[in-house]
1. Which condition number does THR129 fail, the rest of (1) polar (S, T, N, Q); (2) modelled with pLDDT of 95 or more; (3) over 17 Å from the mean Cα position of the chain (by Cα) being met?
2. Taking the conditions exactly as written (touching a residue at least 12 places away in the same chain (Cβ under 8 Å) and more than 30 Å from GLU18 (Cβ to Cβ)), does GLU48 satisfy them or not?
3. Could you count how many residues in region 88-128 are free of Cβ contacts under 8 Å to residues at least 40 places away in the same chain, buried (at least 18 other Cβ atoms within 10 Å of the Cβ) and out of contact with any Ser or Thr (no Cβ under 9 Å at 6 or more places or on another chain)?
4. Residues of region 49-83 being surrounded by fewer than 20 Cβ atoms within 10 Å (Cβ to Cβ) and hydroxyl-bearing (Ser, Thr, Tyr), which ones?
5. Out of all the residues in region 51-65, which are under 19 Å from the mean Cα position of the chain (by Cα) and free of Cβ contacts under 8 Å to residues at least 40 places away in the same chain?
6. Checking ILE149 against (1) within 21 Å of PHE58 (Cβ to Cβ); (2) without any contact (Cβ under 8 Å) to a residue 24 or more places away in the chain, only one condition comes out false. Which one?
7. Is it fair to say ARG118 is assigned to a helix (DSSP H, G or I), at pLDDT 95 or above and within 23 Å of ARG56 (Cα to Cα)?
8. Which ones in region 129-170 are farther than 23 Å from ILE100 by Cα, among the charged types (D, E, K, R) and crowded, with 18+ Cβ neighbours inside 10 Å?
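The values are calculated or read from the model by the stated rules, or taken from the named source; none is laboratory data. Please read all numbers here as calculations on a predicted model, not as lab measurements. Heads up, the Cβs are rebuilt from the backbone with ideal geometry, glycines too, and the neighbour counts pull from every protein chain shown.
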Amino acid sequence: MAAAECGGGSPAAAAAAEFTAAEIEYVSYGGEHHLPLVMSLVDDELSEPYSIFTYRYFVYLWPHLTFLAFHKGKCVGTVVCKMGDHRGTFRGYIAMLVVIKSYRGRGIATELVTRSIRVMMESGCEEVTLEAEVTNKGALALYGRLGFIRAKRLYRYYLNGVDAFRLKLLFPRPDPALLSANKDGRHKQHAENSAESSPIYI
C-alpha cells in the first residue's frame, strides 16, 4: 500500500495552514462516523484506489491502530495500520498515512506514525513494515528519521507503474538473561514487601 508525501511539503503549501502544534488533536478511531473522514483523506491524497471493504477490513479488526488528526474540527491527517503473524514473526504494518498538503512539514505525520508504532510495540510486535513510492521523498525522509531501513525494492509495485521501497523497523529483542534477572528481582522485591507489610498472627 502507500503513504502520501508527508515529511516535507513546499513552503507555499505549508503557509496555507496557520496553526500551532497544540491546536492539533489526535484521536484513535472511534467508530463508523470516522470512516468517511479516513476514506476522503486517502482517496484525495494517495495514488492507489481502495474499496470500502479494504478500509473496513483495517478499521474493524484493528481500530486501535487507526489514528486521526484534527485541527479545529477538521480532519487533516490519518494513519491506518494492522498487525498479525507473518511467517513466524508478529508484525505490524502501516497501510496508509496521509496528511493534507497544507498541513505537511509540521510534525503531524510523525506523531500519527509514532502513536501507531507505540501501540504495535506494546502489543508485542517484533517489527513494522510498509511500502512507499521510491519517488516519495517526503515519506522516505520521515520513515528514515524514525529508524526504518530500506529492506527491498519492489519494481512496478503500484498501479501507476512506480516502484516501491519496502521499509522495515525492527524492535530490539530483550535479552533473555536480563528478563530472567528482572523477573527474579521483582519476585524478591515482592517477597520482601510482602514480609514487611503482611500482618503477623501469633
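1. The failed condition is (3).
2. yes
3. So the answer is 1.
4. Result: TYR50, SER51, THR54, TYR57, TYR60.
5. Just the residues of region 51-65 that are under 19 Å from the mean Cα position of the chain (by Cα), to begin with: 54-65.
Correct list: THR54, TYR55, ARG56, TYR57, PHE58, VAL59, TYR60, LEU61, TRP62, PRO63.
6. Just one mismatch for ILE149, condition (1).
7. Yes: the conditions hold for ARG118.
8. Of everything in region 129-170, nothing turns out to be farther than 23 Å from ILE100 by Cα, among the charged types (D, E, K, R) and crowded, with 18+ Cβ neighbours inside 10 Å.
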